[in-house]
Each structure stands twice: as C-alpha cells, then as structure tokens.
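The values are calculated or read from the model by the stated rules, or taken from the named source; none is laboratory data. Computed from a predicted model, the values in this text were never measured in an experiment. For neighbour counting, all protein chains shown are included, and Cβ atoms are generated from backbone atoms with ideal geometry for every residue, glycine included.
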Amino acid sequence: MEKPLVYAVKHKDIDVRMASRSGGIFTAISDLVLREGGVVYGCALDQKFKASHIRAETKEERDRMRGSKYVQSDMADTLKNIRKDLEEGRYVLFSGTSCQVAGLYSFLGKDYGKQLFCMDILCQGVPSPLVWERYLQWQEEINGAKCTGVIFRNKRDFGWEASVETLTFNREDGTTKTVHSQVFRNLFGSHRILRESCYQCPYKEINHPGDMTIGDFWGIKRAAPKFDDNCGVSLVLINTGRAGELFDAVKEGLDYVSCRIEDSMQTTLKRPLAWPEGRDEFWRDFRENDFDYLAEKYGHYNTDNAAKLDRLAKKYKNRNKWVLAKKMYRCLRQYGKRIIHRETRQE
C-alpha cells in the first residue's frame, strides 16, 4: 500500500474517550482482540511511575495502557513473552513506538500472519527516563508528600488541546493534594530530553512498520474542522489489509470520517526533529545542578504562573462533571485553551 488510508476517529462511548489520550481507537481495537481470546501488550506506569510494557488478558489490565506516557518504556521480557504467546497459538496485539514495532519484527524473525497485529504510535521522540525520575523526585520534595497518581496530559480538566500534567500526592495527615504542572511538558516540548537516536529516526514519514498507526490528530481543524470538540480525536493510518479488516470490525462503535493524507500531515509524518539548540547545555546543567534550577531555566516554572493557575483551577473546580456530553463539550471549548503555557497548584 503506497499511501495509507486515513481516518479521524472518536469512540462513541464518551467515558472511553475521556479515559483515552486522544479518540479511543486503541480501546476499540484491543477490546476486539480480548473478546477473541487474544492478549494485548502495551506501555503502562507501574507503582513507582516507571514506564514499562505489560501483558493484558483482561480489560482491567489493558486499561492501564490507556493515556500518554512521555517517557521511554522498559521492554524487559516483552519480546520473549510475545514469541511464546505466538508459538502457543495466541492472537497478539502489540502497541508501541515505530522503533519498538520494528524491533519486535526483527526479534521474531518470521511472519506470523494475522496472528500478530502491530499498532505503532506516532511520537516526536522518546524522553529520558532519568529526567522523568528526577522530575518526580523534585515534585515530591517541593510538595512534601509521596506521589500516588500521574496523568501526563489531563484532558478531563483542561481539554484535549492543552498539555498539562497532573500529579496527586498523599500527605501524612491523610489529605490529598493535586498539582497541575507544565514543567515536564515544557522540557519535553523543547526536544532537549529525547534520546539521541530520535533525531535520526527513520520512521518519521508516511509509511510505518505497524499494521495500523495511531496518534493525536493535530491537523483535525484542517482535515475535518467540524469533527473537533476538544475531547480528543485519533489519527488512524490503515497501513495493511489486516488493519482495514479490524477497523471494519469495530467501526460500529466509532464516529469517523475519511481524510486526505495531505490534510493530515504533522511534523512526525514528515521528518525527524532537528537537533535542538541548547541540548548540550541542558545535559551539562542536568549533571551539575539540582532540579529547581532546571525547572526554572528550561521548564519555565515560577510561582507567579503557579498562583495564576491555582486561582483558575479553583474557579473551575466543579465545572467538569461529565454528565452530559454537550455540556462537557461547551465547558472544554470555552475554558480548555486558556491555560496552555501556564502552571498551577491546586490544594
């Protein structure tokens, strides 16, 4: 297939979509695989918020894979376990970055046909786990409590188009504190914390190794402007006939529109990111300074922005009850875009 078929996709179940990073296509496909007795492999955060690939045979286990994880995933024994499942005749869905999909194919060394379905995820690049680890430690230090929850991009409270990470902390007195931040988002967005190989990625083009390629549909306003509601839209590239079959099998549960690939292009479909200015300086500072210094210099953290978003978060604390979809859409469209590039703390 020279050019993939392209769709903008939203899961019809609003709860599924709000639990997903974009439009919920991963849930739709993985639900089908699980119903057919297959197993699903994908990235999840463990109890210490380390990103690792896990194996799932139930929806509850699979749900841990939903949402974005902007950090390199530890594959551990995933490739060996996938080969074992395939040799035992199990149907396998693997979800990961394009390089992870290509690595899986290379490891297996043989074609398992329709028994293996690979879904690769569009990514700008893979951030360093060490930066993420130090960021979490810094947040625990300045908040004086243990982190117990992480959302890399909180669209429930801020809308799909905003990029705000939300962390939850449990205090010693039993109370809970919620922190909204853009420090890690700003570090990631600067492209300075990516692996060096990401700046030479061979998969930053239209053709991808996965049967299906998915990601946030950032070009939706150009490709299908009436389809956007700021609650998340998946970009879906159908790369193989098998992907087309699975899409047809689940599309009853989806709202979708066909799009032109020319109207759906984003940087990650065109070329790798350029080596960013100041990357060497960042890593020098990372080795020589504490995270307070990094947060202020590279993460744009300051108390003024924190105070502004603290007031904003409290003002709209109860606005997202998600009872009626139309009401939710109006709230998100009205307020979701106002908070980009700011910092908040919410008690």
*Can you find even one residue in the stretch 219-229 that is under 21 Å from the mean Cα position of the chain (by Cα), closer than 14 Å to PRO4 by Cβ and surrounded by fewer than 16 Cβ atoms within 10 Å (Cβ to Cβ)?*
no
*asked:* Show the residue pairs meeting these rules: Cβ distance below 7 Å; 6+ apart or different chains; first residue within the stretch 284-302 and under 16 Å from SER128 (Cβ atoms) and assigned by TED's automatic domain parsing to the domain that holds GLN139; second residue among the aromatic types (Phe, Trp, Tyr) and modelled with pLDDT under 95.
replied: ALA295/TYR301
*When residues of the stretch 213-250 are filtered for being part of a loop (DSSP other than H, G, I, E, B), of a type in the set (Val, Ile, Thr) and in contact with a Pro (Cβ under 7 Å, 6 or more places away or on another chain), how many remain?*
0
*asked:* in contact with a Gly (Cβ under 6 Å, 6 or more places away or on another chain) and either closer than 14 Å to CYS123 by Cβ or not aliphatic (A, V, I, L, M) (or both): which single residue out of ASN230, ASN207 fits that description?
replied: ASN230
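Residues checked against (1) in the same structural domain as GLN72 (by TED's automatic domain parsing); (2) more than 18 Å from THR267 (Cα to Cα); (3) modelled with pLDDT of 95 or more:
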residue	(1), (2), (3)
GLU161	no, no, no
ASP173	no, yes, no
VAL179	no, yes, no
GLN182	no, yes, no
CYS201	yes, no, yes
ASP211	yes, yes, yes
ILE214	yes, no, yes
_Take the residues in the stretch 57-89 that are under 18 Å from the mean Cα position of the chain (by Cα) and aliphatic (A, V, I, L, M); name whichever of them is farthest from GLY23 (Cα to Cα)._
MET75
*Selection count, the stretch 144-179, where residues are part of a helix (DSSP H, G or I) and either of a type in the set (Phe, Trp, Tyr) or surrounded by fewer than 17 Cβ atoms within 10 Å (Cβ to Cβ) (or both)*: 2
*So how many residues does the stretch 260-288 have that are out of contact with any Pro (no Cβ under 8 Å at 6 or more places or on another chain), within 20 Å of CYS123 (Cα to Cα) and among the hydrophobic types (A, V, I, L, M, F, W, C)?*
5
*Can you name every residue in the stretch 143-189 that is in contact with a Phe, Trp or Tyr (Cβ under 7 Å, 6 or more places away or on another chain) and among the basic types (Lys, Arg)?*
LYS146, LYS177
*Inside the stretch 87-103, can you point out the residues that are in contact (Cβ under 8 Å) with a residue 60 or more places away in the chain and not in a strand (DSSP E or B)?*
SER98, CYS99, VAL101, ALA102
*Counting just the residues of the stretch 53-73 that are under 16 Å from VAL150 (Cα atoms) and hydroxyl-bearing (Ser, Thr, Tyr), which one comes out surrounded by the fewest Cβ atoms within 10 Å (Cβ to Cβ)?*
SER68
_When you scan the stretch 243-259, do you find a residue that is of a type in the set (Lys, Arg), assigned by TED's automatic domain parsing to the domain that holds LEU116, free of Cβ contacts under 8 Å to residues at least 60 places away in the same chain and under 16 Å from LYS12 (Cβ atoms), even just one?_
yes
*Which residues, taken from the stretch 104-143, are part of a loop (DSSP other than H, G, I, E, B) and either charged (D, E, K, R) or loosely packed, with under 14 Cβ neighbours inside 10 Å (or both)?*
GLY109, LYS110, ASP111
_I'm trying to understand the selection: among the residues of the stretch 17-52, which are part of a loop (DSSP other than H, G, I, E, B) and either over 12 Å from the mean Cα position of the chain (by Cα) or surrounded by fewer than 18 Cβ atoms within 10 Å (Cβ to Cβ) (or both)?_
GLU36, GLY37, GLY38, ASP46, GLN47, LYS48, PHE49, LYS50
*Please tell me if LYS84 is surrounded by fewer than 21 Cβ atoms within 10 Å (Cβ to Cβ), part of a helix (DSSP H, G or I) and among the basic types (Lys, Arg).*
yes
*asked:* Can you say whether GLU205 is out of contact with any strand residue (DSSP E or B) (no Cβ under 9 Å at 6 or more places or on another chain), surrounded by fewer than 19 Cβ atoms within 10 Å (Cβ to Cβ) and free of Cβ contacts under 8 Å to residues at least 12 places away in the same chain, as far as the supplied structure shows?
replied: no
